[in-house]
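Note sheet for the following structure.
The values are calculated or read from the model by the stated rules, or taken from the named source; none is laboratory data. Worth saying up front: this structure is predicted, and the values here are computed from it rather than measured. Here the Cβ is made from the backbone with ideal geometry for all residues, glycine too, and neighbour counts use every protein chain on show.
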Amino acid sequence: MVTFHRTTRSATTGKILSNPQVALAPVPGIGQAVLAHMAVTAAFEQLADRIDAHLDRIEDKVDDVLRLASAQRLGDVCGHRRILRRRVAEISAGAVLTETDWSSVAALGADLEVGVERLRQHAADLIAQLRPDDSADKRAEQLRSAVDKGMLGETLNLLLVAQQSLYLWQRLRLERTRREEPDHLEQTVGSAKATLREHIEADAELASHLRTVLDRHAALRVSEVHRPLAGRTLTRYRVPLARTVDAFIDARALQVESWNGVENASIRDALSVARGRTIDAANSGRRQISAGASAVARWVEPKADGSESGETVRADTPLS
């Protein structure tokens, strides 16, 4: 089910102050298809606005990301986004979406869908190259490659741009159907809601997986504190990437479990672990000595008839 919320932001900091869900009240004379159209339209508009507030400037890196992701069909994704935003602003201001205007952007829908999937798959492929069970030095190089060569952070940002463009296109599609093909409005609304749900679920899975891998991959463990160079490399790439992932999750309003925010283990951590192991070993030794003493005491404990419970060893009996 698609819901939408009324977001209130601080005028000075831009921080979200409240985000209550808004329910559409039944309006006499308005059918369920129209109400559903209003709800999903509001959802697309709010998601597009939310993404806009989290975008960094990546125009100079778009071509490289598209090439790495084999997503060249997206073409001038930033240019398409500007055109779509202009069209949506016009109809929001009361203008009519003419057939000429619609025909100029109608073909973008398929390319945007393909582009979004390619970008998401590229991010997933980069995450798959991060192998948490490898040594610290190898993990540091893997993270460096994913960020520098694979452009993982830029891929996540461009994924937001492409998704915003797709939402704007869906907004125009809904408007065009409402005006030109009202008999098919319910069908179009259902298709748009399915698209919205699929992308949110896919992004939540991607972000959750990336957080899990970073927690296991991108910090020195206690056994690796003697690898300070690898630790500095991991920190250098982990910190900005973690911020990018958090921004991606916030921009998409994803319900993703919080992560540990793991940091490099220190010498103090290693000493603490070693001290704990020493104490455990000492306690174990004391327990073994105590158990042995108890066994000896039971062995020599006098019987009721006054004799000892242990075996009698004659002085002339050879000991084996």
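What to note about this one:
- Among the residues of the range 141-174, those identified as over 21 Å from residue 199 (Cα atoms) and either hydroxyl-bearing (Ser, Thr, Tyr) or assigned to a helix (DSSP H, G or I) (or both) are 141, 142, 143, 144, 145, 146, 147, 148, 149.
- Only residues that are surrounded by fewer than 21 Cβ atoms within 10 Å (Cβ to Cβ) and touching a helix residue (DSSP H, G or I) at 6+ places or on another chain (Cβ under 6 Å) were counted in the range 158-173, giving 0.
- Matching residues, the range 179-219, being β-branched (Val, Ile, Thr) and closer than 26 Å to residue 230 by Cβ: 212, 213
- Single residue of 125, 133, 101 found to be at pLDDT below 95 and either farther than 26 Å from residue 46 by Cα or among the polar types (S, T, N, Q) (or both): 133
- None of 123, 128 is under 23 Å from residue 65 (Cα atoms) and surrounded by 15 or more Cβ atoms within 10 Å (Cβ to Cβ) except 123.
- Within the range 198-213, considering residues that are within 19 Å of residue 236 (Cα to Cα) and in contact (Cβ under 8 Å) with a residue 60 or more places away in the chain, the one surrounded by the fewest Cβ atoms within 10 Å (Cβ to Cβ): 213
- Restricting the range 65-74 to residues that are touching a helix residue (DSSP H, G or I) at 6+ places or on another chain (Cβ under 9 Å) and surrounded by fewer than 15 Cβ atoms within 10 Å (Cβ to Cβ), the residue that is modelled with the highest pLDDT is 70.
- Within the range 76-100, the set of residues being polar (S, T, N, Q) and either buried (at least 17 other Cβ atoms within 10 Å of the Cβ) or not in a helix (DSSP H, G or I) (or both) comprises 98 only.
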